[in-house]
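Trainee: One structure, as structure tokens, below. Some questions next.
Read-outs: derived from the displayed coordinates by stated rules, not from any lab. Note that the coordinates shown come from a computational prediction; the quantities given were computed from them, not determined experimentally. Cβ placement follows ideal geometry from the backbone for every residue including glycine, while neighbour counts extend to all protein chains displayed.
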Amino acid sequence: MFTGIVEELGEVVGLEELAEDAARLRLRGPVVTADARHGDSIAVNGVCLTVVDVVDGAFTADVMKETLDRSALGGLQPGSPVNLERAVTMATRLGGHLVQGHVDGVGEILGRRPAEHWELVEISLPVELSRYVVEKGSIAVDGVSLTVAALEANSFTVSLIPTTLEATTLGQRAPGDRVNLEVDVLAKHVERLMQAQKPGGAG
């Protein structure tokens, strides 16, 4: 479990194809690896990955083909910047919202509009996720906890403050770039509970 508050802007330093259905990523992140051990969880652009090893401020993680296919991680290359966050502990402050690190879909940056103190970014929204997104609600974009500023049928807009622009990959994303999306898990649980209340619904 994560909070969507990025701790560090890391970098892909190695990418190795293990087989047709897996790859091994090596990522530099001295902050998140300071206390990382084998088996720990670190979110990479919002995808929960398991640490295989840690050497000199970098960690290795194995990624299955399904994860590469269902997220934007498949587009990473050596040199790509990545958002990194360690899993929460019982003492962690919940500055964002509850993020599982389980990507629900992939969106595309549609446009950017700079303002005086922030930047508005419009992102496409897969139709199967639209029912979970509400204006002023929470959504994770590449692992960053954001508030939905505006909502359309097939897209949503978020406001990025200077800190987010400087400290995460979202400051560098251009129209056409793909981003990982994770909707608020509470919305999915509510939907499941409501379905169970209907006649013939799942119990």
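Trainee: Report, in debye and to the nearest 20, how large the dipole of the chain comes out about its Cα centre when Lys and Arg carry +1 and Asp and Glu carry -1 on their Cβ. Don't skip to the answer; put the middle values down first.
Mentor: Values: 17 positive and 29 negative charges, 110 e Å.
That gives a dipole near 520 debye.
Trainee: What percent does the relative contact order of the chain come to when contacts are Cα pairs within less than 8 Å and at least six residues apart?
Mentor: This gives 23 percent for the chain.
Trainee: When the convex hull of the Cα atoms of the chain is projected onto a plane and the area is averaged over all directions, what value comes out in nm²? It would help to have the intermediate numbers written out before the result.
Mentor: Numbers: hull surface 51.6 nm².
Projected area, direction-averaged: 12.9 nm².
Trainee: Take Lys65 and Glu20, extend 7 Å from each Cα along the Cα→Cβ direction, and tell me the distance between the two endpoints in nm.
Mentor: My value for the distance between the label points is 0.6 nm.
Trainee: Related question: Quick one: Karplus J couplings for the range 38-49, per residue in order, coefficients 6.51, -1.76, 1.60, θ = phi - 60°, nearest Hz, x for Gly and Pro?
Mentor: Once rounded to whole Hz, the list reads 3, x, 5, 9, 9, 7, 10, 6, x, 9, 6, 10.
Trainee: Would you please give the residues with an amide H less than 5 Å from that of Val44, counting only those at least 5 places away or on a separate chain, with H modeled from the backbone geometry?
Mentor: HN-HN under 5 Å from Val44: Leu49.
Trainee: The range 8-86: Rg/Rh from Cα coordinates, Kirkwood Rh?
Mentor: We get a ratio of 0.92 for the range 8-86.
Trainee: If you don't mind, there's one more thing I want to ask. On a 0 to 90 degree scale, rounded to 10, what angle separates helix 185-197 from the longest Cα axis of the chain?
Mentor: 40 degrees
Trainee: Below 15 angstrom from the Cβ of His38, what's the summed charge of the other residues (Lys, Arg +1; Asp, Glu -1)?
Mentor: So the surrounding residues net to 0.
Trainee: Sum -39500 (n - 2.57) across every DSSP H segment of at least 4 residues in the chain, then divide by the residue count to get the 222 nm mean residue ellipticity, nearest 500. Please list the in-between numbers first.
Mentor: Details: 3 runs with 25 residues, N = 203.
When only DSSP H runs of four or more count, the value is -3500 deg cm²/dmol.
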